[in-house]
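Only one structure is covered here, and it is reproduced in the block below.
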Amino acid sequence: MKNLNGKWNYIADANSDLSFDSIKAKIGRGEFSGSMNIPSNWELEGLLDYSGTIWFYRNFDNSVTQRQNR
């Protein structure tokens, strides 16, 4: 099993109106709002009084997990 705890990039979507395609485009351009440790508390990570959607993104290698599950 792969542990996904750690540093994740995120895109803040305060109005919750960004589409999945617009998020993919932002990721492709490297346009992130910031990064934070997951699991965590958003306020402890600097998003004070934030209300809205947060899109998280992180690259990871799943090949080891796939080989172990064969």
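In the range 1-33, how many residues are on the phi < 0 side of the Ramachandran plot, open to solvent by less than 60 Å² (accessible area, probe 1.4 Å) and not in a loop (DSSP other than H, G, I, E, B)?
Total satisfying the criteria: 11.
Any chance you could count how many residues in the range 34-52 are small (Gly, Ala, Ser), in a strand (DSSP E or B) and open to solvent by 60 Å² or more (accessible area, probe 1.4 Å)?
Final tally of qualifying residues: 0.
The values are calculated or read from the model by the stated rules, or taken from the named source; none is laboratory data. What you see is a predicted model; the values in this text were computed from it and never measured. Side chains included, ligands, DNA and RNA excluded: accessible areas come from the protein's heavy atoms. Shrake-Rupley method; radii C 1.70, N 1.55, O 1.52, S 1.80 Å.
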